[in-house]
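The values are calculated or read from the model by the stated rules, or taken from the named source; none is laboratory data. Here the structure is a predicted model, which means the values were calculated and not measured. All Cβ positions, even for glycine, are placed from backbone atoms using ideal geometry, and neighbour counts span all protein chains on display.
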Amino acid sequence: MTEPTWPADLLAELDDALLLVDFGLQEAQVPDDHRQTFLSAVAAVRQVQQDLSRDEGAITAELRTTLDTALASLTRVLSPVTATTIRASRPHPPKESDSSPLGVALATIRANRSWGTARLQMWRLWQLTALFGVLVMMSELFFRIFGAPLDATQVQRAALGDAGMSLTNWMGLTFGVLVPFCYGGLGACVALLRALHGFLNTSTFDPVRVPEYFNRVVLGVVAGGTVMVLTDTVIGDDGIPVNLSAAAMGFVAGYNTDFLFQALERVSSAVLPKVGISSVARTLQRSGAPTGPSALEGLAPEELLKRRDAAIAQNKQDDVALYTELLRSLARPGV
């Protein structure tokens, strides 16, 4: 007798459902208010599996609907765990003990799907961490052996000759520039490894977010090297300044890139000008152009009302007064 065959998409969907069933029964703690939904979905998946195992079991629209509904219920109950995150978080598929034709077909489907993506990313992060760590250790060892490098001004003052700085001094300066960048990359790798550890424990690693990991490393390297340009002092929660070295600042900025973005926000808010009607009026006055209400003539009343409401919301009293004067002038007869 010819062994039955099943569509690949149906086997893949059944494999996803069985993975979630096994996870929910063995590892997950299903909330009490979802327990009945979970058990009903498990029963439906088992029934579909039994129907497909029979030689006379036909693949009907009702069977597919039952499987779709059960898989959706399992995904909703076990969220954020999905069949994809389970496969990505585990190094290899579980062994299939069912030797029936359906069991063999499911084992083949599982073997051909991607497993252990999280472990691969962890291995890559280990490599990047080792690279940044080696660079940091080399720089620290170099400084301990040869001391801190001299800059160009110090070389001239020391009258070291027309030959300029030595190769050793050039290497020291190079290491000094690269160290904050390396510490930033090291901090980013530590943060990612910590997050990845949690994803592996809970089987919630999503391979779709793999590009975000490498983007996070790049941001960490950039943050570690640029944070000292923006700030050299950290203010604690108690208001007391905490002085950190360039290496420590680089590591902190790489571990938490929000640290750099917060510094950028502080600098931009302090340096960039606040643009409003008052600043525009000052610019017009310096250029000799008309200022005051005449500078905004031609605007429709609806636009003036909209701008006045925005000025009220932003508590810009000068702007509110200007727009109010314009509206009053438009309301006067003969205007």
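Quick look at the values:
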| quantity | calculated |
| --- | --- |
| Unmet requirement for Thr291, which otherwise passes all of (1) modelled with pLDDT under 50; (2) in contact with an Asp or Glu (Cβ under 8 Å, 6 or more places away or on another chain); (3) not aliphatic (A, V, I, L, M) | (2) |
| Out of Ala281, Ala263, sole residue that is surrounded by 13 or more Cβ atoms within 10 Å (Cβ to Cβ), assigned by TED's automatic domain parsing to the domain that holds Val218 and either modelled with pLDDT under 60 or not aromatic (Phe, Trp, Tyr) (or both) | Ala263 |
| Subset of the range 65-94 [over 30 Å from Met122 (Cα atoms), out of contact with any Leu (no Cβ under 7 Å at 6 or more places or on another chain) and either touching a residue at least 24 places away in the same chain (Cβ under 8 Å) or assigned to a loop (DSSP other than H, G, I, E, B) (or both)] | Asp68, Thr69, Ala70, Ser73 |
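Here is a yes/no grid of residues against (1) among the polar types (S, T, N, Q); (2) surrounded by 13 or more Cβ atoms within 10 Å (Cβ to Cβ):
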{"position": "Gln29", "(1), (2)": "yes, no"}
{"position": "Asp33", "(1), (2)": "no, no"}
{"position": "Ala44", "(1), (2)": "no, yes"}
{"position": "Gln49", "(1), (2)": "yes, yes"}
{"position": "Leu63", "(1), (2)": "no, yes"}
{"position": "Thr69", "(1), (2)": "yes, yes"}
{"position": "Ser73", "(1), (2)": "yes, yes"}
